[in-house]
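This report concerns only the one structure given below.
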Amino acid sequence: MQDKEELLGFSAVELEHSTLIILKLNALEYDFVQKPNPEQSFILDSLIRSSASYGENFGAQAIQTSFPDFFDFMKARGFSADETHTYTAIGTLVKYK
């Protein structure tokens, strides 16, 4: 994700069967230790939704992450969590009218 020449953030994903797995998220050097500031939250949210859209285009039916320090952020966006992952149906993030 860029704003003109400035890199704002990126996501690394893989598609395993019908699940999109977010392997890494990065936004303005956010370190996952403290709560993201508003700009970082916007970028992270955009990256998550863009990743979900990408996955849906390639047949993903679910999306998951495994960043324990980030579970509250993901749960606020409709994800469920167990002890090691957050997960949701792809339709939670990708909607068509």
**Study point:** Check: segment 1-92 dipole with +1 on Lys, Arg Cβ and -1 on Asp, Glu Cβ, in debye
**Key:** 240 debye
Study note, to complete from the structure: Matching label for the computed Rg and Dmax of the Cα atoms in Å, out of [x] 12.9, 39; [y] 20.8, 74; [z] 15.3, 53, is [x]
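Over the chain, what is the relative contact order in percent, taking alpha-carbon pairs closer than 8 angstrom and at least six residues apart?
Details: 141 pairs, mean separation 24.4, N = 97.
Contact order relative to length: 25 percent.
Excluding residue 6 itself, calculate the net charge of residues whose Cβ lies under 14 Å from the Cβ of residue 6, where each Lys or Arg counts +1 and each Asp or Glu counts -1. Show your work: numbers first, answer last.
Numbers: positive: 4; negative: 3, 5, 29, 39.
So the environment of residue 6 carries a net charge of -3.
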Review point. Can you count the Lys pairs in the chain with C-alpha separation below 27 Å, eight or more apart or on different chains?
Key: 8
Review point. Check residue 61: other-chain or 5+ apart residues with amide H under 5 Å from its amide H, H built from backbone geometry?
Key: 19, 20
Check your understanding: Using Cα-only point scatterers and the Debye equation, what is log10 of I(q)/I(0) for segment 1-41 at each q in 0.26 Å⁻¹, rounded to two decimals?
Key -> -0.91
Point to revise | Antiparallel bridge percentage (DSSP; both residues within the chain; nearest 5) | key: 80 percent
**Study point:** Extension gain, residue 35 back to residue 89 (0.36 nm per residue minus Cα-Cα distance, nm)
**Key:** 16.9 nm
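Since every read-out is calculated from the coordinates, none of them should be taken as a lab result. Just so we're clear, the structure is a prediction, and the values are computed from it rather than from any experiment. Ideal geometry is used to build each Cβ from the backbone, glycine not excepted, and the neighbour counts take in all protein chains shown.
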